[in-house]
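What follows is a set of notes on a single structure, which appears directly below.
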Amino acid sequence: MTPRPRAPIRDRRALRAAVLACAALAAMPARAEPVRAVVELFTSQGCGACRAADPVLRDLARKPGVVALTLPVTYWDYLGWKDTLALRPLTERQRAYARGRGARQVFTPQVVVDGNGFAVGSDRPALDRLIREACQHGGLPVPVRGEMKGDRILVEVGAAPEAKTEIRGDVWLVPVLRSRAIAIQAGENGGRTATYVNVVRGMQRLGHWTGQPISFEVPDAQAHIADADSWVVLLQGAADGRPGRIFGAAKGPGL
């Protein structure tokens, strides 16, 4: 076999430099993927049907472009087990969504996508369809950014798209508990341990957004309430005091 000629030293050095450059690029941290959809799951520890929705939300929470939130509600507490994570304001949020779409009742598990798409929380095909349709119709059109600056949270909200200069909304800081396992001792899920992710622990209005760029700076402690260990920022429209379409969102550390 005829030996292959070796490349000139100059060419070998150039090749080695290119390989090292590619390796350095691969080692660089990837830029955070913009949030494309916000999924809210209204659920309860006392709801037997909700157990099928929990793994769906856990899977969505691992997707970089999705904000997936668990919102425990209070109205099933009378069934024999009081939800240890439920908050009345979250119950009122779901009821406000229902009033906004003319629905007479609320139920669990229910998902709301971007504030205006609704489905049963365990129906993964329907949920995937809502997310896909939301993205096809522009997704979240307003850039929102949140980052830590020492012991402060810096929130930046961009401008409305030129074609939608009429949209308005409120900016919310949403403290979340990233994961919590609960041993449920009674009720429909008695004897079961449920693991919840990105549990909403409150909602704090930072201010109004008029369609123009705006920024807020808040103490980190403001997001760490009721055992929350991270946060989400939502830019959401409102109509007659009811939550409307979500126009933008950002994730906090660890999400």
Worksheet entry | Yes/no for Ala221 being open to solvent by less than 30 Å² (accessible area, probe 1.4 Å), of a type in the set (Gly, Ala, Ser) and in contact (Cβ under 8 Å) with a residue 40 or more places away in the chain | no
Discussion item. Quick check on this structure: which one of Asp114, Asp128 is within 19 Å of the chain's Cα centre (by Cα), open to solvent by 20 Å² or more (accessible area, probe 1.4 Å) and charged (D, E, K, R)?
Written reply: Asp128
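Listed here are the residues, each with its yes/no results for (1) open to solvent by less than 40 Å² (accessible area, probe 1.4 Å); (2) outside any loop (DSSP other than H, G, I, E, B).
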site: Ile153; (1), (2): yes, yes
site: Ala159; (1), (2): no, no
site: Asp170; (1), (2): yes, yes
site: Pro175; (1), (2): yes, yes
site: Ala181; (1), (2): no, yes
site: Glu188; (1), (2): no, yes
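Can you find, within the range 194-214, the residue that is nearest to Val56 (Cα to Cα) among those that are over 18 Å from the mean Cα position of the chain (by Cα) and in a strand (DSSP E or B)?
The qualifying residue nearest to Val56 (Cα to Cα) is Ala194.
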Practice prompt. Of the conditions (1) touching a helix residue (DSSP H, G or I) at 6+ places or on another chain (Cβ under 9 Å); (2) assigned to a loop (DSSP other than H, G, I, E, B); (3) more than 30 Å from Glu217 (Cβ to Cβ), Gly102 clears all except one; give me its number.
Written response: (1)
Practice prompt. Please give the number of the condition Asp83 fails out of (1) open to solvent by 30 Å² or more (accessible area, probe 1.4 Å); (2) in a loop (DSSP other than H, G, I, E, B); (3) within 26 Å of Thr193 (Cβ to Cβ).
Written response: (1)
Worksheet entry | Hits in the range 63-85 (condition: among the basic types (Lys, Arg) and at pLDDT 95 or above) | Lys82
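The values are calculated or read from the model by the stated rules, or taken from the named source; none is laboratory data. Predicted model, so just to flag it, every value in this text is computed and none were measured. Glycine gets a Cβ as well: all are built from the backbone with ideal geometry, and neighbour counts include every protein chain shown. Note: accessible area is taken over every heavy atom of the protein model, side chains too, but ligands, DNA and RNA are not part of it. Shrake-Rupley method; radii C 1.70, N 1.55, O 1.52, S 1.80 Å.
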